[in-house]
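This report refers to the structure that appears directly beneath it.
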Amino acid sequence: MNKTILMGRLTADPITYGGEDGGRMVARYSLAVPRGKGRDGTDLGTDFINCTAFGKRAEFCSRYLTKGMKILVTGQIHADSYTNKEGRKVYTTEIWVDSQEFCESKQKRDDQQPQPQAYAQPSSPQAAPAAAQPPQPPAPAPIQPQAYAQPQPQAASAAPLPDGFTPGDDVLPWDL
């Protein structure tokens, strides 16, 4: 079985081609996949995996994927080779994409990227406005404990149920 699952970030916007005149669209991108941490807590490095998507998956790439996005890719490892201009045989390995999923919300991704400064530094101290504080979300209202009424026992009706059982009986129908 040839199945690969990778999670990482796009190193650049996908490159797409084809799709005109009814042709099959192809999208290529590179995924930066961290190897994890060693026993001593140090990073083990990052692998840069080339991925290729075809057809509808390629259209998805061209519309929604951009540099820096964290995605989950499932696909198949495809090994190939070709002869370059110097006459040397070059071996390639890439993932042919079966599915792609977002791994974080757009808002979270935007929050992680540095925000540009809105104002330039004033040239003189007299021209400096009071330090502007970034807008803060409103503080949540404190949670007030609520008093709940104790449930009151229901008065048992003496009317028998269809199976002959009367509520409040000590003997259950299956004990008979």
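Some observations on this one:
- Tensor-based shape of the range 1-89 (alpha-carbon gyration tensor, a/c under 1.5 rounded, otherwise prolate or oblate): oblate
- Note that the range 3-9 has calculated 3J(HN,Hα) couplings of 9, 10, 10, 10, 10, x, 10 Hz, one per residue in order, obtained from phi through the Karplus relation 6.51 cos²θ - 1.76 cosθ + 1.60 (θ = phi - 60°); glycine and proline are x.
- Using θ = phi - 60° in the Karplus curve 6.51 cos²θ - 1.76 cosθ + 1.60, the 3J(HN,Hα) couplings for the range 74-80 round to 10, x, 10, 6, 10, 9, 8 Hz; x is entered for Gly and Pro.
- Pairs beyond 32 Å (Cα-Cα), from 37/89; 85/106; 3/67: 37/89; 85/106
- Highest-first packing order for the peptide set 93-106, 62-75 is 62-75, 93-106, based on the mean count of other beta carbon atoms within 10 Å.
- Other-chain or far-sequence residues with amide H under 5 Å of residue 65's (modelled H): none
- Charge context of residue 54, other residues only, Cβ under 11 angstrom, K/R +1, D/E -1: +2
- Tensor-based shape of the range 8-60 (alpha-carbon gyration tensor, a/c under 1.5 rounded, otherwise prolate or oblate): prolate
Any read-out appearing in this document is the output of simple, stated calculations on the displayed coordinates, not a laboratory observation. The structure presented is a predicted model; accordingly, all values stated were derived computationally and were not measured. Neighbour counts run over all protein chains shown; Cβ positions are idealised from the backbone, glycine included.
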